[in-house]
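To keep things clear, I will list the structure first and then write my remarks on it.
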Amino acid sequence: MDLHTFGPYELVMSKTCRPAPPPSDEEWTVRQVVPRSDWDAASETCPTCGERVDLRGPHYQVELDRERTPEAGSKLTRERRLLAFCDEGCAAAWLDETGNR
């Protein structure tokens, strides 16, 4: 996966944007890595260890961003993805594995 750290950049994201990890053939940028709690009533699978992540409890979130080519009539030029990790250790291991630390 071709990811690049963009530096400190804070974005406010919708709680409804939680797709699966991005495909490995796309160019993604890590925008932020932040601790979260009480984010949503849903749960996800940690991309590092495979454990269930309850988004109501403490967890870490990695925000990814990339440019996209808008479809005709669309003004959206950026795509964002949110990944939920069990804890800081899993988030750090994922960032190390993808070369973003």
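Looking only at region 11-29, decide whether some residue is farther than 26 Å from Thr77 by Cα, polar (S, T, N, Q), in contact with a strand residue (DSSP E or B) (Cβ under 8 Å, 6 or more places away or on another chain) and at pLDDT below 90. Scanning region 11-29 turns up no residue that is farther than 26 Å from Thr77 by Cα, polar (S, T, N, Q), in contact with a strand residue (DSSP E or B) (Cβ under 8 Å, 6 or more places away or on another chain) and at pLDDT below 90. Screening Asp96 with (1) within 15 Å of Arg36 (Cβ to Cβ); (2) exposed (fewer than 12 other Cβ atoms within 10 Å of the Cβ) gives one miss only, at (1). Pairing each residue of region 30-48 that is in contact (Cβ under 8 Å) with a residue 40 or more places away in the chain and within 25 Å of Arg78 (Cβ to Cβ) with any residue that is exposed (fewer than 13 other Cβ atoms within 10 Å of the Cβ) and among the hydroxyl-bearing types (Ser, Thr, Tyr), provided the two are 6+ apart or on different chains, yields C-beta distances under 7 Å for Arg31/Tyr9. Which of the following residues is at pLDDT 95 or above, on the phi < 0 side of the Ramachandran plot, surrounded by fewer than 14 Cβ atoms within 10 Å (Cβ to Cβ) and out of contact with any Cys (no Cβ under 7 Å at 6 or more places or on another chain): Arg101, Arg52, Arg78? Being at pLDDT 95 or above, on the phi < 0 side of the Ramachandran plot, surrounded by fewer than 14 Cβ atoms within 10 Å (Cβ to Cβ) and out of contact with any Cys (no Cβ under 7 Å at 6 or more places or on another chain) holds for just one of Arg101, Arg52, Arg78, which is Arg52. Among residues belonging to region 30-80 that are in a loop (DSSP other than H, G, I, E, B) and of a type in the set (Asp, Glu), point out the one that is farthest from Ala93 (Cα to Cα). Once the filter is applied, the top-ranked residue is Glu71.
May I ask you to verify whether Asp65 is in contact with a strand residue (DSSP E or B) (Cβ under 6 Å, 6 or more places away or on another chain), surrounded by 14 or more Cβ atoms within 10 Å (Cβ to Cβ) and in contact (Cβ under 8 Å) with a residue 40 or more places away in the chain? So Asp65 passes the test.
The values are calculated or read from the model by the stated rules, or taken from the named source; none is laboratory data. The structure presented is a predicted model; accordingly, all values stated were derived computationally and were not measured. No Cβ is skipped: glycine too gets one built from the backbone with ideal geometry, and neighbour counts run over all protein chains shown.
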